[in-house]
Each structure stands twice: as C-alpha cells, then as structure tokens.
1. Quick one: which strands (runs of 3 or more DSSP E) lie wholly within segment 279-375 and hold at least 3 residues that are at pLDDT 95 or above and over 24 Å from Tyr216 (Cα atoms)?
2. Among the residues of segment 485-537, count how many are surrounded by 13 or more Cβ atoms within 10 Å (Cβ to Cβ) and among the small types (Gly, Ala, Ser).
3. Determine which single condition Glu271 fails, assuming it passes every other condition in (1) over 26 Å from Tyr45 (Cα atoms); (2) of a type in the set (D, E, K, R); (3) not in a loop (DSSP other than H, G, I, E, B).
4. Only one of Asn497, Asn525 is polar (S, T, N, Q) and either without any contact (Cβ under 8 Å) to a residue 60 or more places away in the chain or over 24 Å from Leu425 (Cα atoms) (or both). Can you tell me which?
5. Working only within segment 297-325, note down all residues that are crowded, with 18+ Cβ neighbours inside 10 Å and either among the basic types (Lys, Arg) or without any contact (Cβ under 8 Å) to a residue 40 or more places away in the chain (or both).
6. Does segment 218-236 include one or more residues that are assigned to a strand (DSSP E or B) and under 19 Å from Ala404 (Cα atoms)?
7. Restricting to segment 262-282, name every residue that is polar (S, T, N, Q) and over 18 Å from Val235 (Cβ atoms).
8. Quick one: count up the residues across segment 171-205 that are surrounded by fewer than 19 Cβ atoms within 10 Å (Cβ to Cβ) and free of Cβ contacts under 8 Å to residues at least 24 places away in the same chain.
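The values are calculated or read from the model by the stated rules, or taken from the named source; none is laboratory data. This one's a predicted model, so the numbers in the text were calculated from it and none came from an experiment. Every residue, glycine among them, receives a Cβ derived from its backbone with ideal geometry; neighbour counts consider all protein chains shown.
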Amino acid sequence: MVVFRISVTFADKLRVTQNIIMKKLLLTTTFFLIFCEIFSQNSYYVQFKDKNGTEFSLLQPQDFLSERALQRRENQGIALDSTDLPVSQTYLSALVANQAKILYQIKWLNGAEILLNPAKVADIQALPFVKFVEKTKENVQNPLPTKNVARKDVVRNATIDLPENFVQNSMLGVDLLHNAGFRGAGKLIAVLDAGFPQVNAMSAFDTIQSRIVDTYNFVDMNANVYQHNSHGTLVLSTIGAYVENQIYGAAPEASFALYISEEDGSETRREPDNWIAAAERADSIGADIITSSLGYFNFDDGNNLTYNDLDGKTARISRAATIAARKGIVVVNSAGNEAKRTWHYIIAPADADSILAVGSVTGGRQHSSFSSFGYSADGRVKPDVCAQGTAAFVVDTYNVITTADGTSFSAPIIAGMTASLWSALPQLANIQLLNKIRESATLYENPNDSLGYGIPNAWTVYQNNLSSTKNIFSDNQQYSASIHDNILTIKTLNSDNYTVSLVNICGRIIFEKNSRGNSEFFIQNITKGIYILAIKNKNSVFVEKLFY
C-alpha cells in the first residue's frame, strides 16, 4: 500500500507538473503570437476616394472647429470647404472591422493613418471607397521607446557674452516692435518638433506656462510632450524664453501649442503624416502660426523624394502646408541644412506655396554655409527669407543659455517675429502679412537661391503700414474706422447690442454683423469707391458716407 500510495502520489505530481508545463508553453506561445502580431504591424496611410457618409456638415462647423478657428477664417474672409470636413466615420469603421487600428485621420487630404498586419492590406485595398494604401512605417511598436539621438543641428557649449540686444532679434527689427509694446500677445503659435523636455520645469519658460494651451504627442499617441529629443526645447526658446536682462524670445507674450510629430532615430513616411495631423489639430484649435523645424527628402526604406518632387504639389506634407496657409495660418518652416551635402536643396515642406521657408545667415548677415539652397523645382523663390541660424541664442534643457547652428533656429525666430508683427497689425490677412514680410527683405528686388528675398524687417513693415492708414471718421469715441491696403477696420466702443452694415454705392450689402460690446471688425478687399457704413443700436442709427 505504501509503495502504491507513493506511486500514485508521484503520478499525480507528474500529471500536475505536465499540466503546468503545458499551460506555461501555451501562455508563452500565446504571448509570442500576440507579440509577433503587434510587432508585425506596420503603419499605413489610407487614401479615401470621397467623404460620403461623413456625419458632419459645413452648416454646423462648430462641431469640428473651435470658435477661435472659425473667427480666424471670418476675419480673413475664408470660406469653409470640403477639406474642413472630417473623413467618413463609416469608412473608418470599415477599416476597424478589417482589423485596422486608427491612429488619426487626415481630413485635409481625406485619408487616415492606421496600424495593420501586412496580411490584411489586400483586404483594405479592396474596399470600394479606398483609393490606395501606402506603407509609412514597418514593424511598429506601441508605445514607441524614448530615444535621444543627436539631430543635424549643432549645439555649441562655449561660454557666451550676452549682448544687450540680441542680433537675431535686432536684425529683424523685433527689438523695436517689442519696445513699442508688440510682443506677440493674442497670437497662438503651434510648434511642431521632436520633443520638449524640461519646458514645463525650467525657469526660462516660467512666463509662458499659463499660455501653453495644448499639447499632443503624435509619435506615442498621448499628451506628454515633455520628453524625447531636446530639439523642440531649444526651438521654443528662440520664441518664448524670457530671462530678465539675459535672453528674450522673438514673441515672449504669445500663446503656444506644443506637438511632437518627429520620431528620434528613424526617418519614415509616417513622420510627415504626423506633421499633417499636428497641423490639422493646430488649425482646429485656432492657431495663427505654425512653426516647424522639420523637413524630409530621404527615408529609411529608400523610397526617397527627388528634387523634381519639390514643386509644392507632390509631397503630401507640402500639399498639407499649402492647405494650412489657405486656412489663414502663417506657416513657417526651416529650409534645411543640406547646402554642403549631396542633396544641397531645400526639403519638404519648405517647397510649399504660400508659406515662409526660412534659410540661415550669420550674425554678420552672410549666408550660413549649411543653409539649403533653392529654388523650388517649379522655379519659385526659396528660401523665402532668412534669419540668424549660425550661433543663434537658445536655452538648453539645463536652463543654460548657449548657442546653436541650424535653420531649425532661424525659422522659429521668423515665426516669433511674425507673431509680434501680427499683434501690431491684426487687420492683415496671413497672405498680406507674408507679402509684406517678403517686400521688406533686403533682396526683394533681386532674390537669389541662397538667401531668397533676404533678411526681412518687421519694424519697416509696421511703420509703412501705419503711414498708409487713413482715418475715415470718429464720433465721440463711440465708433472709429480706418482703411488701408484695401482693409476697412471698424472699432466699436459701446456696450449695447448693435448691427454693423456696409453697403456699396449700388446698394449691395458688403458686410453685416450683429455684435455686442467693444469689438473690432476687419472687412477685406475694399476697392476704391463710395460706401455707406451704418451702425444701429436700440436707441440710434449712426450713418457715415465713406470715400476711398
């Protein structure tokens, strides 16, 4: 009996052990299969044929655009169109039904970025509403690990003698704008980059903490942007950093949205798509300016752009940058640091139409040896303008003021200049502002392929704009109006409900709006002629004949 009992116990233990081993093997195999499934997922861009089935309407834009975004369009006379509509939810649901994970939609171009097992690509491609599927990144891991890989820009760590007025600001007339009280207040700048570590903890950024209104990380798909590469921290410092008697950014009173779109340690086609998604988010929250010190032409998979692709119409990112400009946003992008490399030229999206592609100069106003050359492939002047990118003052993640080289720094300096200038001249539409910036530049009459139109001067733009202002009327300081550059600006200093109407000599209503309280209206594209301006409230009607 003892022997038998021992034998039975041993057999039971053996069976238990075998069961445990089998379960472990099963769990290990299952985990391995799940891991392989996740690791084998690629990211893809899916292009839809149309937006049929979208649940949104242009008649209710508040469902997908903020009030600030709608106001920006209204101020500049920009109509909503189909590119503003989100993509069809029906289509997105069909992708999910085919085992795709939606990362984000790209409504401007009517597509979506997804994660998908390669075995399912044919099923997605076969859907009747899908135009094409393009792989953008292979073997995606989620979440992606934090990496710290040096970028192409060079950070100097030498001891610095700080000037009273930074050349990088004073060569653009930014110091004079600041002295006049225009420092970017009221303007929202979206910064697209690779990471912003320590921005939320450094004293150099104390003054802007309450004005960081939005953050998102399109690499890790979460809201944490205070990680990854420090490049974005340095970039932001040229615009928003402030240390009394030491350093000040080009628009220290602006508000900011911080977005990570660039992934360290790789160069894939998903990164330009991340950029587009970030630009769309910037538009939706009402950003006035997008600044990006990023650019693309070669990719890890060898599926590279060619110089002929830099026509503003080929690269998806460049087409999106142009659309952003059409939404009333000033888009500022680095020209690139490729001058001494084989590529030599600007990089996408610097080739986009209606944006400012920014090259670099030294403190002595000479072309920086690394700054990429133009023109665009279709012959447009690129870069558009230049600013200091050699030994530009920045603040690093140790809260230390140092200098750095790269068009990555000349571009945000121009973005900050633009914000300060726009805060001084809020009646200008984005394209009018861009044109004035170009016209103020040192080489406007004779641009070239290294400096474009040259170095702009914001103070000159401001002064010229003031000198062209014509005050039309003022009535006991209740209402005032001015007209210049075909823009009528009406300011009301009244607490009542009222209606503002502008009628041309033929009786056609040019503009009409109901409002309340102190307001400012901009009426674009006023041509020479005679107009009747009426401001009505419950007690009176103010009528003025305008000659322009």
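1. Working: elements: 289-292, 330-334, 356-361.
Filter on segment 279-375 gives 356-361.
2. So the answer is 4.
3. Answer for Glu271: the failing condition is (1).
4. Unique residue meeting the criteria: Asn497.
5. Residues satisfying the conditions are Phe299, Arg316, Ser318, Arg319, Thr322.
6. yes
7. Of everything in segment 262-282, those that are polar (S, T, N, Q) and over 18 Å from Val235 (Cβ atoms) turn out to be Ser266, Thr268.
8. Looking only at that region, the number is 2.
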